Every structure is written in structure tokens, then in C-alpha cells.
1. Regarding the chain, what whole-number volume in Å³ per residue does the convex hull of its Cα atoms give?
2. Show me the trypsin sites (Lys or Arg not before Pro) within the stretch 1-46 that DSSP assigns to loop and that have at most 12 other Cβ atoms within 10 Å of their Cβ.
3. In whole Hz and in residue order, list the ³J(HN,Hα) couplings for the stretch 64-75 that follow from phi through the Karplus curve 6.51 cos²θ - 1.76 cosθ + 1.60, θ = phi - 60°; x for Gly and Pro.
4. What is the set of long-range amide H partners of residue 99 at a cut-off below 5 Å, with H atoms built 1.01 Å from backbone N?
5. Tell me the net charge near residue 54. Cut-off is 11 Å between Cβ atoms, residue 54 excluded, with +1 for each Lys or Arg and -1 for each Asp or Glu.
6. Taking the Cα centre of the chain as the origin, how large is its charge dipole in debye, to the nearest 20, when only Lys and Arg (+1) and Asp and Glu (-1) carry charge on their Cβ atoms?
7. Normalised by the number of residues in the chain, what is the relative contact order in percent for Cα pairs under 8 Å and 6+ residues apart?
8. What net charge is computed for the residues neighbouring residue 4, neighbours being all others with C-beta under 15 Å from the C-beta of residue 4, Lys and Arg scored +1, Asp and Glu -1?
Amino acid sequence: MITGRHKTLHPGKIVTSFCIGSRRSYEYLHDNALFEFRPIEYVADPEVVAQNYKMASLTQALVIDLTGQVCADQFRGELYGGVSTQPDFHRGAARAREG
């Protein structure tokens, strides 16, 4: 269960900028104090991310070739997602104390 209790910035909160899902998901999020929606410029800011102690940044790898190159945006020839803010989270985690 995700609680955010170990976070040094916004402890006890799940900070996000976007949600897409079912009506049930939206009803769960509505007025739920566990979730805090902020602009993506804040959520993905490396300086903000770095304020969390032992921050780790994980990303999906859909395909990895024998040379170590990673594809994170296409799956079976179709666009799956973009790189988007991944580098910002990586930079923030690298700057975090013991990140």
C-alpha cells in the first residue's frame, strides 16, 4: 500500500499532476486528502524531486537490445508513451541526498 509516509517532501501525500481512468477512479480521488494534484512543472522539477531523501527514479523499458539501448516509447510498433519527464525525475533522484 502506498502511503507516502517515508517522504521528506509532502509526507503522507501522493503528489501527481494527471489522472485518467474510470468513473470509480475519479470518485476515489475526489476530495481524497491522500492525493495532491500540482502542475507538472512542479511535480517533475528536478530541484523539487531532489528534496526527497533517498529518492529513486524508475522507468519502464519495453525493449532492451544486446548493446543496452532501451526503448521506452513504443510497443510492437505502436506509440505506447513518451520519454516526457523521465529525464527530470532521473536528474532529481541523482541530486537527492542518498538518491
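Every read-out reported here was derived from the displayed coordinates using simple, explicitly stated rules and does not represent laboratory data. Everything numeric here is computed off the predicted structure, so don't read it as measured data. Every residue, glycine as well, gets a Cβ built from its backbone with ideal geometry; the counts of neighbours run over all protein chains shown.
1. 136
2. For trypsin sites (Lys or Arg not before Pro) across the stretch 1-46 that sit outside H, G, I, E and B with at most 12 neighbouring Cβ atoms in 10 Å, the list reads 5.
3. Whole-Hz 3J(HN,Hα) from phi for the stretch 64-75: 10, 8, 5, 8, x, 5, 10, 10, 10, 10, 9, 9.
4. 54, 55
5. On the way: positive: 7, 97; negative: 98.
Value of the local net charge: +1.
6. Around 360 debye, computed over the chain.
7. Details: 130 pairs, mean separation 27.5, N = 99.
The value is 28 percent.
8. Here the count lands on +4.
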